[in-house]
Structure formats: structure tokens, C-alpha cells
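To start, the structure under review is shown below, and the notes come after it.
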Amino acid sequence: MNRRGFFSATIAALAAVPGATAFGARLARAEQLPVPPQTRRKPEVIKQLGRVRIDEYAWLKDPHWKDVWRDPGRLSPEILRHLDEENAYSEAVLAPTLPLQHVLFAEMKRRSSGSDEVPPITDRDWLYYRRFPAHAEYPVYARRAARGAAAEEVLLDGPQRAVGHDYFSIPHVARSPDHRLFAWAEDDTGSEKFRIFVRDLATGELIPAAIEDAFGSFTFSGDSAWLYWIWRDANSRPRKLFRRPARGGEDVLVYEETDPGYFMTLTRSRSNAFMKIRLLNGTSSEVRLIAATDPTATPRLIEERRPLIDYDVEDWNGRLVVRTNADGATDFKLMWADADSPGRDGWRDFISHRPGHSIENVLAFQDHLVRLERVDANPVLIVTERATLAERAIGFAEQAYSVAWDEESDYSAPTLRLSYQSPRTPREWYDEDLLSKQRRLVARATVPGGFDPDRYRVRRLFASAPDGAQVPMTVVMRRDARVDGTLPLLLHGYGSYGFSTEADFSVPALSLIDRGWIYAIAHVRGGSEKGHSWYLQAIQAGKPRTFTDFIACAKHLIAQRYTRAGQIVAHGLSAGGLLVGASANLRPDLWAGIIGQAPYVDALNTMSDAEHPLVPLARPDWGDPLADPAAYDTIAGYSPYENVHRQAYPAVLATSSVADDRVGYWEPAKWIAKLRECSTSGRPVLLRVSIRGGHLGAAGRFESMRQQALFWAFADWAINTGAKPAASAG
């Protein structure tokens with residue numbers, strides 16, 4: 001493979017070279033790297049269910065970790081010093097990649113300039129949209145009249161709200177059905193304890209007072225008189241639902257969830273006929289409705305929660321459509337229910353269960369019902385006509401793609417706004433006329449710089465898992481790339497909680513692919529890419545299948561000569577960090593590098609902490625090592641931190657944020673310390689921790705690109721350098 005050394009040429013020359021099969025820093029093998037920090041050991045003996053384990057780095061978890069999430073400034077000085085040392089070490093090791101990071105960031109920023117705009121959505125007399133001012137990290141939310149040449153009305157100025165904050169996020173906005181109020185949630189710490197603000201659009205003034213300690217989900221009642229919001233308790237769990245007058249006033253408790261193992265969500269039905277409260281964990285759920293005609297009424301239970309029974313409802317012209325896995329419908333079916341008597345005894349079959357055609361969601365219109373099915377990792381849309389119940393599919397031609405609908409499409413209009421993209425097709429927005437069956441292109445994201453989709457090819461491959469399961473992969477490469485086993489490859493995976501990894505278009509991925517890399521997504525079990533059973537096969541005792549699927553994908557890519565062992569960099573976010581961490585323990589020889597982004601790598605200790613916000617909710621997925629010896633042994637058998645042992649590990653980069661209340665910063669900190677202690681390869685293992693930041697790290701659009709540029713520069717460095725660290729200082 002023809003490699004160009006980055007530091008032997010100018011940045012401009014590198015960026016100008018078409019068809020380069022490698023990029024980045026080839027450091028001399030004799031180069032001396034900085035001395036890594038020495039993480040102090042404080043052995044802590046943990047006795048649990050007759051088992052004993054010793055955690056030498058447990059001290060890295062601040063004893064007041066909940067307070068630290070709310071105020072990172074309260075972090076223990078000793079721990080802060082250690083994290084500062086880790087940051088300094090990683091910055092020193094990766095300093096030679098800074099020029100490359102700058103090139104990558106500039107390239108991503110330039111290519112993204114046309115992809116951030118979203119076309120307006122029509123809601124009765126208004127066009128609502130968001131736009132990014134030049135060089136702004138955050139969007140402006142605005143509207144204008146749907147008819148005539150009306151001036152823009154700014155609803156929320158994100159860049160102005162973000163001034164003075166090191167971290168800032170706006171995860172959710174909502175307008176009242178009468179179009180007179182606009183609300184949003186914001187977070188300036190990364191802890192995801194949001195403040196909710198409401199603006200009177202007639203005066204432009206904020207309505208006092210802001211809601212504190214809120215979950216990001218909130219909505220107005222159908223009559224616009226009330227704002228419903230969810231309060232997060234001291235353990236950061238969404239526990240209580242409140243109602244307050246939309247124009248300010250006292251909060252009234254509507255519902256309290258006493259079981260910490262259930263998560264609360266809040267939505268308004270598409271018809272505005274109901275407020276919907278859904279309580280769920282990984283395997284069961286229940287729904288309660290509040291009629292718009294009686295917004296202060298006690299929520300009405302549809303059907304009591306039962307183990308392993310999952311359901312959801314949508315109002316459609318006076319009846320309820322129930323999406324459920326009842327009666328053995330593993331991949332879900334649709335049933336009818338009467339709004340006046342909605343209990344399980346009255347449910348009647350509507351759309352039958354078809355194994356392998358997993359029904360993931362439904363979207364109601366006045367005269368049509370659209371459902372999203374997942375078939376072999378690709379989404380499929382099916383439209384049902386109200387009058388005849390006749391069905392038709394909305395089809396797409398590419399091997400791997402992603403499609404989504406806009407839930408804000410007008411319920412009474414026969415127009416579905418959908419977006420389509422694939423790894424080689426930038427996002428496109430269409431209006432699908434549900435009556436005429438005609439599809440109209442509304443907008444297409446542009447990629448400046450001469451982007452040509454024909455330069456790329458996308459393949460859907462299948463790897464055979466050890467038990468024979470066929471694991472889908474999405475593979476993207478340059479059309480002129482030679483499949484001869486020489487190319488570096490980045491393999492991304494997640495595989496938990498039933499979340500499907502979509503085959504989206506990615507501007508950052510282009511920066512790898514254009515330089516000769518192959519970008520691949522492993523749709524491993526634990527997600528729902530091949531239906532709900534794909535998820536159920538990899539929970540609790542079946543969880544190791546997620547890791548063996550990922551390894552099977554890597555081996556298949558090697559066998560088919562897309563790459564070779566030692567030329568793969570694995571990337572995983574959150575539970576995807578557990579995936580790549582476990583895979584590094586099982587087959588370290590496959591990887592040149594591991595990128596763990598907020599990696600969930602201390603699974604046994606975290607699942608043994610009943611006070612952690614997500615632990616009760618996550619037990620259906622992982623098991624309960626506090627009460628179940630079998631669950632303890634299973635998790636102990638794969639948890640990345642517990643299973644680090646003396647062997648030659650690849651280079652590792654882990655990132656985290658002190659304020660992240662999903663995966664504590666101490667998980668990657670402990671993992672890195674143990675890897676550094678045990679690895680015999682001499683390859684550096686690096687930790688970068690932000691004091692302010694959320695679960696995903698950066699929130700602004702450009703800060704997110706800088707983070708991606710760091711990951712890609714590390715990936716290239718891991719592939720190309722044979723550098724060894726300096727001898728340990730004792």
C-alpha cells in the first residue's frame with residue numbers, strides 16, 4: 001500500500017493529493033513518547049453474592065459523584081489532578097497529530113456548510129424552521145407566515161443564549177398548538193438537568209418563571225392552556241409529571257412513577273386529542289392518556305404493565321391503534337382498541353405479526369396511517385388508507401439507507417414530510433402526497449467542494465456469527481478502492497438497548513474514505529436492525545453475542561480482503577464502548593486502535609450500584625448482579641474493566657465528561673489505568689476528560705467536528721505509528 005508520510009509534506013500538499021491511501025503522522029519507530037501518568041492503586045475489596053473482587057482504582061469515583069454531576073467544580077482535588085495529568089499526557093502524545101486535526105476539522109466544516117439547513121415545515125398558517133448563522137455553533141429557530149412575503153420572526157436565538165457558557169445544549173423545542181407560545185429546554189453543564197423556558201410570541205417576553213431540574217421531554221396540551229413537564233429527582237431519574245398553566249403559575253402533580261426501573265416519556269397525540277404518558281423499560285411498558293377535552297383529569301391507564309409485554313398507542317379518528325408484542329408477536333403487530341374502553345380484553349387484530357418485519361413506529365394522519373418497519377437493517381414505510389385499509393409501500397432503491405419522517409407534519413393534510421439519506425447520498429427531503437402517491441423533492445443537502453456520489457460505493461455484507469446468525473454490515477468505500485487486504489478500516493458498532501444504527505450520510509466519514517479508508521458499521525445483536533428478536537438474543541445471558549458478532553464482522557472483512565488484522569480501528573459510543581472494550585479483551589490482535597467515546601466499560605461495578613440513575617432501568621438488559629448470581633457471573637465474564645489482563649493491547653483513546661450522568665467519567669479513567677498496567681504492547685492508552693460536557697462530549701456543531709477530527713487523527717496515528725512510550729517511572 002502506498003503511504004504518504006504526513007510530516008514529510010505540507011498540509012496543503014496532503015489535502016491536494018487525490019487518491020491517497022493513507023494520511024496522517026508516520027512517527028519514527030524510535031521516537032520517544034512522554035511518560036504516562038502513574039495511577040495510584042488503592043485496593044478495595046468488594047464482597048457480593050459470595051464472590052470477591054478487588055478494585056484497585058475504585059477511588060477514581062468521587063464519593064460525592066452525584067454532586068459532581070451537578071457542579072463539576074466539586075470534584076475531589078486529588079481526582080482532578082489525576083485527570084489533568086491524563087489530559088496533559090494524551091495531548092503530548094497526540095501533539096504531532098494537531099496539524100492533521102486542523103486539516104480534518106477545516107474539511108468537515110467546509111463540507112458541512114450546506115448540510116445544516118432543514119427545510120421549513122408547514123403548520124397551518126406558518127412555516128417553522130431552523131437555520132445556522134455563519135460560524136455559529138447553535139441554530140436560530142424562526143418562523144414566517146406561510147403566505148405572502150412576511151418577515152422572519154425569531155423564536156429562539158441559540159447563539160445568543162449560549163454566550164458565556166463553556167457547554168450549551170438545546171435538546172428540545174415545542175410550539176403551542178395555537179402558535180402563541182414557544183418553549184425550549186437548555187443545559188449549560190452537560191448533566192442533562194434542563195431548564196425549560198416559555199416565550200410569549202406576541203410580546204417576545206419570557207414567561208416567569210423557568211422550570212428547573214426538568215427532563216428534556218415536555219409538551220403543551222392540545223388546547224394550549226397547559227405545559228406538561230417531567231421532573232428529575234436527586235438520582236436524575238424522570239420521576240414526576242407536572243402540569244402548569246402555559247402562561248405561568250403553580251405546578252400541579254399529575255403522575256408519579258414510584259418504580260425506578262421504569263422510564264417516563266411524554267408526548268401529545270398527532271390529532272391533539274390526547275396527552276400520552278408512557279412508562280417503559282427494555283422489555284415492558286404501559287400507557288396512560290389524558291383527554292384534551294379534560295386536561296386536568298387523572299391520567300387514564302390503558303393496560304397495566306406486565307413482564308415482557310410492550311405496547312404503545314396512537315389515536316386515529318376516535319380509535320386507538322395499539323402497537324404490541326402481545327400473543328407472541330415478537331416483531332410487533334397492530335391492534336384496534338376503543339378509546340372509551342381501551343383495555344387489553346378489547347384489543348382486536350389489525351395488522352398481523354410477520355417475523356422479520358419489525359414494526360417500530362406509527363404516524364397517524366386524518367385519512368392515512370403510516371408505519372415504519374425494519375427489514376434486514378433497512379427501514380420500510382407502509383401507508384394504510386383509512387377508507388379502504390388498502391396498503392402500499394414507499395420504496396427506496398439503495399442497498400443500505402436511512403429514512404425518517406417529520407412528526408410535525410400537519411395531521412389534517414395528506415402530506416408526509418420524510419427525509420432520506422444513505423452513506424453515499426446526502427440528506428434529501430420529500431413531500432409524499434398520500435392521496436396522489438406522488439413524491440416531490442423539497443430540498444437536498446449540498447456538500448461543497450465538488451462532492452460526487454458516484455465516487456463512492458455502498459455494500460451490505462453479512463458475516464456469519466459463531467452460532468450461524470447472519471450479521472449485517474454497511475460498508476462504504478471509494479469506488480476506485482482496491483479490495484486487496486491493504487486498506488485501513490474503521491469499524492463502528494453499538495448493539496444495546498434495541499437501538500438500531502442507521503446507515504446515514506456522514507460528512508466526517510468522507511474524510512476517512514477519501515483518504516483510502518473503508519468505513520463500516522456492524523449491525524450486531526443487541527440492536528433491532530433485524531427485528532425485536534435481534535435485540536432479545538443479546539440481553540442478559542445472551543449479551544456476549546454482541547461482542548462475538550462484532551468480532552465475526554471484523555473477521556469477515558479480513559477474509560473478504562477489505563482489510564487485514566491490525567489495520568482496523570474500532571469505535572463505540574457509550575454501550576458501544578463496552579462493545580469495543582470487550583472485543584479488545586477477546587481479540588486484541590484484530591485492532592490497531594480502539595476509540596471509546598464515553599465508554600461504558602465498568603459494567604459490573606456500575607450495575608452493582610443501585611443508586612446510579614440508569615441501573616434499575618437497565619436491569620432487563622443486563623441483569624441484576626446484586627440479586628442474581630448468574631447475572632453477576634455473566635457480567636463479570638465480559639465487563640471490559642474486570643477482564644483486562646496481561647496481553648498486547650492496541651492503542652486506545654477514551655473520552656469522557658465529568659458532568660456526564662449516564663456513563664461516569666470514572667469508568668474510562670479506571671479502564672485506562674488498568675490497560676496501562678497490563679498491556680505488553682507498549683502502545684499508548686490515552687484518556688481525555690472534559691470538565692464541562694455532556695454524554696456525547698461536545699454539543700455545538702463545530703465542537704462536535706473537532707471531536708471527530710481528533711478521533712480520525714488518532715485512528716490514523718494508531719495505524720501508522722510504531723512508537724513506544726518511555727520507560728515507566730517505577
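The values are calculated or read from the model by the stated rules, or taken from the named source; none is laboratory data. Since this is a predicted model, take the numbers as computed values, not measurements. Note: ideal-geometry Cβ built from the backbone for every residue, glycine included; neighbour counts use all protein chains shown.
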Selection over segment 677-701 where residues are part of a strand (DSSP E or B), in contact with a Lys or Arg (Cβ under 8 Å, 6 or more places away or on another chain) and more than 21 Å from Val93 (Cβ to Cβ) yields a count of 0
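Return yes or no: is Leu201 of a type in the set (A, V, I, L, M, F, W, C), in contact with a His (Cβ under 9 Å, 6 or more places away or on another chain) and not assigned by TED's automatic domain parsing to the domain that holds His64? I'd like the intermediate steps shown before the answer.
On the way: of a type in the set (A, V, I, L, M, F, W, C): yes; in contact with a His (Cβ under 9 Å, 6 or more places away or on another chain): yes; not assigned by TED's automatic domain parsing to the domain that holds His64: yes.
In short, yes.
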Checked Leu557, Leu512, Leu579 against criteria (in a helix (DSSP H, G or I), within 16 Å of the chain's Cα centre (by Cα), buried (at least 23 other Cβ atoms within 10 Å of the Cβ) and not polar (S, T, N, Q)); the one match is Leu579
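Output the residue which, of all residues in segment 152-193 that are more than 27 Å from Asp223 (Cα to Cα) and among the aliphatic types (A, V, I, L, M), is surrounded by the fewest Cβ atoms within 10 Å (Cβ to Cβ). Outline the logic, then answer.
Restricting attention to segment 152-193, the residues satisfying the condition of being more than 27 Å from Asp223 (Cα to Cα) are 158-169, 187-193.
With among the aliphatic types (A, V, I, L, M) added as a condition, the list becomes 162-163.
On the way: Ala162: 20, Val163: 8.
Checked segment 152-193; the qualifying residue surrounded by the fewest Cβ atoms within 10 Å (Cβ to Cβ) is Val163.
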All-but-one check, Ala481 against (1) small (Gly, Ala, Ser); (2) surrounded by fewer than 23 Cβ atoms within 10 Å (Cβ to Cβ); (3) within 17 Å of Ala570 (Cα to Cα), failing number (3)
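Starting from residues that are part of a strand (DSSP E or B) and in contact (Cβ under 8 Å) with a residue 60 or more places away in the chain, keep the ones in segment 331-369 and report whichever is nearest to Ser436 (Cα to Cα). Don't jump to the end; show me each part of the working.
First, pick out the residues of segment 331-369 that are part of a strand (DSSP E or B): 333-338, 348-351, 358-364, 368-369.
Still in the running and in contact (Cβ under 8 Å) with a residue 60 or more places away in the chain: 358, 360, 363-364, 368.
Details: Ser358: 27, Glu360: 25, Leu363: 18, Ala364: 18, His368: 12 Å.
Per the stated criteria, the residue is His368.
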Any residue at all in segment 191-203 that is without any contact (Cβ under 8 Å) to a residue 24 or more places away in the chain and in a loop (DSSP other than H, G, I, E, B)?
-> yes
Considering segment 529-554, residues that are under 28 Å from Leu372 (Cα atoms) and touching a Lys or Arg at 6+ places or on another chain (Cβ under 6 Å), and then whichever is surrounded by the fewest Cβ atoms within 10 Å (Cβ to Cβ), we arrive at Gln537
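Inspect segment 644-653 for any residue being under 23 Å from the mean Cα position of the chain (by Cα) and in the same structural domain as Ala582 (by TED's automatic domain parsing) and give the result as yes or no. Reasoning before the result, please.
So in segment 644-653, the residues under 23 Å from the mean Cα position of the chain (by Cα) come out as 652-653.
Subsequent filtering for residues that are in the same structural domain as Ala582 (by TED's automatic domain parsing) retains 652-653.
Within segment 644-653 (the criterion being under 23 Å from the mean Cα position of the chain (by Cα) and in the same structural domain as Ala582 (by TED's automatic domain parsing)), the answer is yes, since at least one residue qualifies.
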For Tyr638, the lone unmet condition from (1) of a type outside the set (Val, Ile, Thr); (2) surrounded by fewer than 24 Cβ atoms within 10 Å (Cβ to Cβ); (3) over 21 Å from Gln540 (Cα atoms) is (3)
Out of (1) at pLDDT 95 or above; (2) farther than 30 Å from Arg525 by Cβ; (3) surrounded by 17 or more Cβ atoms within 10 Å (Cβ to Cβ), the one Thr425 does not meet is (2)
Lys674 vs (1) in a helix (DSSP H, G or I); (2) of a type in the set (Lys, Arg); (3) out of contact with any helix residue (DSSP H, G or I) (no Cβ under 9 Å at 6 or more places or on another chain): all pass except (3)
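If you check Asp62 against the conditions, is it acidic (Asp, Glu) and in contact with a Ser or Thr (Cβ under 8 Å, 6 or more places away or on another chain)?
Details: acidic (Asp, Glu): yes; in contact with a Ser or Thr (Cβ under 8 Å, 6 or more places away or on another chain): yes.
In short, yes.
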Could you say whether any residue in segment 205-219 is at pLDDT 95 or above, within 18 Å of Pro616 (Cα to Cα) and either part of a strand (DSSP E or B) or in contact with a Phe, Trp or Tyr (Cβ under 9 Å, 6 or more places away or on another chain) (or both)? no
Those residues of segment 247-291 which are touching a Phe, Trp or Tyr at 6+ places or on another chain (Cβ under 8 Å), surrounded by fewer than 17 Cβ atoms within 10 Å (Cβ to Cβ) and β-branched (Val, Ile, Thr) amount to Val252
Among residues of segment 226-247 being modelled with pLDDT of 95 or more and not in a strand (DSSP E or B), the residue farthest from Thr293 (Cα to Cα) is Arg247
